[in-house]
Amino acid sequence: MVRTTTQPTTKSMARRVAGKIAVVTGGRGDLGSATAGLLADHGATVASLDRAGTGAAGTHPGITEYDVDVTDEASVVEAIRKVVAEHGTPDVLVNAAGIIGPAGASHTATVDDFNLIFDVNVKGVWLMTKHVVPGMIRQRSGSIINFSSIHGLTGGRNVPLYHATKGAVRLLSKSDAATYGVHGVRVNSIHPGSMNTRMSRRSAEQSDIGAEAYYKQLVGGNPLPRQGEPDEIAYGVLYLASDESRFTTGSELVIDGGYTAV
């Protein structure tokens, strides 16, 4: 007799972050929206934060949208004030907001290019942590997940300033893990490989070798020779947000199809 199995739907699975309050920055982007939706599907109350004027991917009963400029401290303070007033102290912070910046060697970038990408990708992570972690310290628990990249682990010539910011996020995560563990707060970084996202397509289009050659170079030699999908990153975040990872802090969760293994 042949036994058949079916994949469980989200509704039939255990709700892995039930009762948790989660803040997701970049929540209207491809990776951020997938993450916010999956956390909400698994029982979290999700505050999705993104720039004013950025369209949301859709509506979800477990997600509330807020505007924020992660580079501006007053904006971050006000957004977190609203989240706490409406939902309570966050249990989870996902710093997914980020930009890739212009392509080109370091000497071709301007000071404005440098300031913008570091403001969004590094200062934004720091500001969100600065104003969320005190509440986590008071409740003696919390999980912070910072989006780095495989390019926070490896170099590359296409967008060196982006690589530099993601390396900074990686080490900020480790430093904060060392600092806040005593308070029951965990901090980890997640490192996506080449993903099927708008940001990835912009990077490919900026490449001096052309988009097709860029993708072939980036994923063609991977053990899993394809781009990843946003939900494949979201499931990694779900693990780090849940109590399943309660002994995991200061770690780097690499989800890259094996890019960094070869």
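Here, each number is a calculation from the coordinates, and none is a lab measurement. The structure displayed is predicted, hence computed values, not measured ones. Every residue, glycine as well, gets a Cβ built from its backbone with ideal geometry; the counts of neighbours run over all protein chains shown.
May I ask for log10 I(q)/I(0) of the range 50-167 at q = 0.17 Å⁻¹, from a Debye sum over the Cα atoms as equal point scatterers with solvent left out?
Summing over Cα pairs of the range 50-167 leads to -0.92.
Evaluated at 25 °C with a viscosity of 0.890 mPa s, what Stokes-Einstein diffusion coefficient in µm²/s does the chain have when Rh comes from the Kirkwood expression over alpha-carbon pairs?
131 µm²/s
Report the equivalent ellipsoid semi-axes for the range 76-139 in whole Å, largest first, defined as the square roots of five times the eigenvalues of the gyration tensor built from alpha carbon atoms.
32, 10, 9
Arrange the peptides 104-114, 68-78 so that the one whose residues have, on average, the most other Cβ atoms within 10 Å appears first.
Descending packing order for the listed peptides: 68-78, 104-114.
Per the helix-only calculation at 222 nm, which mean residue ellipticity applies to the chain, given -39500 (n - 2.57) for every DSSP H run of n ≥ 4 and division by its residues, nearest 500 deg cm²/dmol?
Only helices count here, giving -12500 deg cm²/dmol.
Label-point separation (nm) for Ser251 and Glu73, each offset 7 Å from Cα along Cα-to-Cβ?
3.4 nm
Taking Lys82 as the anchor, which lysines have their alpha carbon closer than 25 Å to its alpha carbon, excluding any fewer than eight residues away along the same chain?
Partners within reach: Lys20, Lys123, Lys130.
Select from Thr54, Thr25, Thr165 the residue whose mean-square fluctuation is largest in a Gaussian network model of the chain (Cα-Cα springs shorter than 10 Å).
Its mean-square fluctuation being the largest, the pick is Thr54.
Could you order the peptides 155-161, 244-250, 87-93, 46-52 from most to least packed, using the average number of other C-beta atoms within 10 Å per residue?
Numbers: 155-161: 16.9, 244-250: 13.6, 87-93: 20.9, 46-52: 23.6.
With the highest mean Cβ count within 10 Å placed first, the list reads 46-52, 87-93, 155-161, 244-250.
Out of Leu224, Ala52, Ala164, whose Cα points farthest toward the positive end of the dipole of the chain (charges: +1 Lys, Arg; -1 Asp, Glu; placed on Cβ)?
Result: Leu224, furthest along the dipole toward the positive end.
Using unit Cβ charges (K, R positive; D, E negative) and no other charged atoms, how large, in debye to the nearest 20, is the dipole of the range 1-138 about its Cα centre?
Around 820 debye, computed over the range 1-138.
In nm, what is the difference between 0.36 nm times the number of residues separating Val182 and Glu86 and their Cα-Cα distance?
This chain segment gains 31.7 nm when fully extended.
Please list the helices of the chain that count as membrane-span-like by this rule: a mean Kyte-Doolittle hydropathy of at least -0.5 together with Cα atoms stretching 18 Å or more along the helix axis, each helix being a complete DSSP H run.
73-87, 124-139, 160-180
Could you check the spin-label model distance between Leu171 and His107? Points 7 Å from the Cα along Cα→Cβ, value in nm.
In this crude label model, Leu171 to His107 measures out at 2.5 nm.
In whole percent, what relative contact order does the chain give with Cα contacts below 8 Å and a gap of six or more residues? Walk me through the intermediate numbers first.
Values: 508 pairs, mean separation 49.3, N = 262.
Relative contact order for the chain comes out at 19 percent.
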